[in-house]
1. If you take the square roots of the eigenvalues of the alpha-carbon gyration tensor of the stretch 193-273 and sort them as a ≥ b ≥ c, do you get rounded (a/c under 1.5), prolate (a/b over b/c) or oblate?
2. Could you give the size of the charge dipole of the chain about its Cα centre, using +1 on the Cβ of each K and R and -1 on the Cβ of each D and E, expressed in debye and rounded to the nearest 20?
3. Using a 10 Å cut-off on Cβ atoms, rank the peptides 364-374, 266-276 from the highest mean neighbour count down.
4. Quick one: Karplus J couplings for the stretch 366-372, per residue in order, coefficients 6.51, -1.76, 1.60, θ = phi - 60°, nearest Hz, x for Gly and Pro?
5. How much length is gained on full extension from Lys93 to Thr303, taking 0.36 nm per residue of separation minus their Cα-Cα distance?
6. DSSP H helices in the chain with Cα extent of 27 Å or more along the helix axis and mean Kyte-Doolittle hydropathy at least 1.0?
7. Return the FRET efficiency for the residue pair His381, Arg282: r is the Cβ-Cβ distance, R0 is 56 Å, and the value is rounded to the nearest 0.05.
8. Which semi-axis lengths, in whole Å and largest first, follow from the square roots of five times the eigenvalues of the Cα gyration tensor of the stretch 380-455?
Amino acid sequence: MSLKPPLETESSPETLLSTPTETDGKPSLLVSGRRAWMRLLRSIADLRLAIALLLAIALFSVSGTLIEQGQAIAYYQQNYPENPALFGFLSWKVLLFLGLDRVYSTWWFLSLLVLFGSSLTACTFTRQLPTLKAARRWQFFKRPGNFEKLALSAELPAGTTDAIADLLQSRSYKVFRAGDTLYARKGIAGRIGPIVVHASMLLVLAGAIWGTLTGFTSQEMIPSGNRFQIHNITSAGPWAQSPMPLDWSLRVNRFWIDYAPDGSIDQFYSDLSVLDGEGNERDRQTIHVNQPLRASGVTFYQTNWGVAGVKVRINNSPQFRLPAAQLDTGGNGRMWGTWVPIKPDMSAGVSLLTRDLQGTLMAYDSAGNLAGAVRTGSSIHLDGVTLFVDELIGSTGLQIKSDPGIPIVYAGFGFLMLGVMMSYVSHSQVWALQSGDRLFVGGKTNRAQLTFERELLGILERLTEQKL
């Protein structure tokens with residue numbers, strides 16, 4: 001059953017906002033400016049504009065998910081060539097020109113967020129707040145004819161407003177009385193819910209914008225055992241602070257990989273220590289994929305790995321460490337190699353190649369011929385020397401991010417869930433008028449119509465029973 005609106009004594013929010021004040025029969029300059037301002041607010045608060053902005057934000061967010069963000073120009077040149085261009089037009093030049101390689105920090109995406117936030121704010125002040133203000137006011141029906149405006153009303157041959165007030169209060173209604181008239185309401189939280197939803201969305205937008213303007217992202221490849229500070233910044237907002245204060249740093253104590261029985265990577269780990277300016281350990285944590293380290297507002301994610309080097313000995317020489325470099329395999333997997341000098345004047349040497357950190361390396365003599373495989377902790381004889389391979393040294397790939405807007409975004413999502421739950425609360429209103437020996441009762445609600453009807457019918461039955 002749909003409800004008809006009751007007889008209203010207040011003006012609607014739109015009327016309250018648009019009624020001009022005239023002086024000498026002509027609108028004053030102030031009133032004209034107020035009219036223009038109200039028209040602008042109503043235009044910004046238009047639901048169609050808000051939906052269009054929301055769809056645009058969603059569309060560009062999807063593009064930022066599908067197109068890899070923050071990569072080097074060479075990456076886009078390789079994956080988005082001009083001939084043939086993706087979809088016939090999307091080449092690397094178009095992609096970079098439009099800023100699709102950094103969607104979330106472009107001026108036009110931030111402008112969409114600001115405009116959408118402005119639309120939400122305008123809607124809150126022009127519609128939601130006036131609606132809440134009108135809902136908090138109470139009015140009394142002083143004539144029996146007023147109840148004809150309600151879709152749900154009844155006329156009882158006996159009863160008093162005192163009796164119905166007690167029944168309504170027992171059902172959590174807030175009751176207002178004036179003589180023989182009564183007004184009761186409950187569920188005002190249902191009117192506050194949409195305002196909380198709007199405020200929470202504004203918090204989410206503010207957090208996203210603040211994070212973009214003040215955050216940064218870095219990529220670091222750190223060999224096991226090394227101490228480091230952040231230097232390789234890939235992207236940063238215009239207001240980003242110093243990425244890593246000089247009074248602390250990180251050390252990679254150890255990096256290792258767990259392999260599955262078939263030789264594939266199961267998981268890779270980094271044992272990290274947070275050090276103060278004097279090198280003392282403040283915190284220590286082992287991270288892996290989806291388990292980052294957070295320190296002083298900076299988050300360290302495990303994202304990549306590599307082979308940093310190898311520790312070897314030749315005959316009876318002391319142990320020395322050689323760096324390893326990643327080789328170009330033409331797309332046939334990853335491989336690292338190093339060159340080991342076997343003469344003091346470095347006029348000759350052998351090569352070691354490996355594909356992973358499982359401990360097996362391929363050894364090639366000075367002529368480039370395969371001499372055999374050698375595992376860490378063992379040796380191989382080639383070119384008249386004995387080469388001992390003591391250890392493979394891994395390097396951890398860390399993605400380092402600072403996003404000061406995250407707490408604001410999380411707070412916004414928390415309030416959003418609260419506002420959605422509040423919005424499901426029914427705002428119910430009941431009026432009563434005692435006229436002679438007749439009691440007129442009526443009510444309305446904005447949702448859960450059937451539940452409200454049962455509740456009001458139950459109240460009327462109790463009133464009838466009390467008089468029998």
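Nothing in this text is a laboratory measurement; each read-out follows from the coordinates by a stated rule. It should be emphasised that the depicted structure is a prediction, and the values quoted were computed from it without experimental measurement. Here Cβ is always computed from backbone atoms with ideal geometry, including for glycine, and neighbour counts include all displayed protein chains.
1. Cα axes put the stretch 193-273 in the oblate bin.
2. On the way: 42 positive and 37 negative charges, 399 e Å.
In debye, rounded to 20, the chain gives about 1920.
3. On the way: 364-374: 13.9, 266-276: 17.9.
Per-residue mean Cβ counts within 10 Å order the peptides as 266-276, 364-374.
4. 5, 8, x, 8, 5, 9, x
5. 72.8 nm
6. Values: long enough: 47-66 (28 Å, 2.13); 189-214 (36 Å, 1.40); 449-467 (28 Å, -0.49).
Sorted by number, the helices that extend far enough and score high enough are 47-66, 189-214.
7. On the way: r = 48 Å, r/R0 = 0.85.
E(calc), rounded to 0.05, equals 0.70.
8. Numbers: eigenvalues 1253, 42, 7 Å².
Taking √(5λ) for each Cα gyration eigenvalue gives 79, 15, 6 Å.
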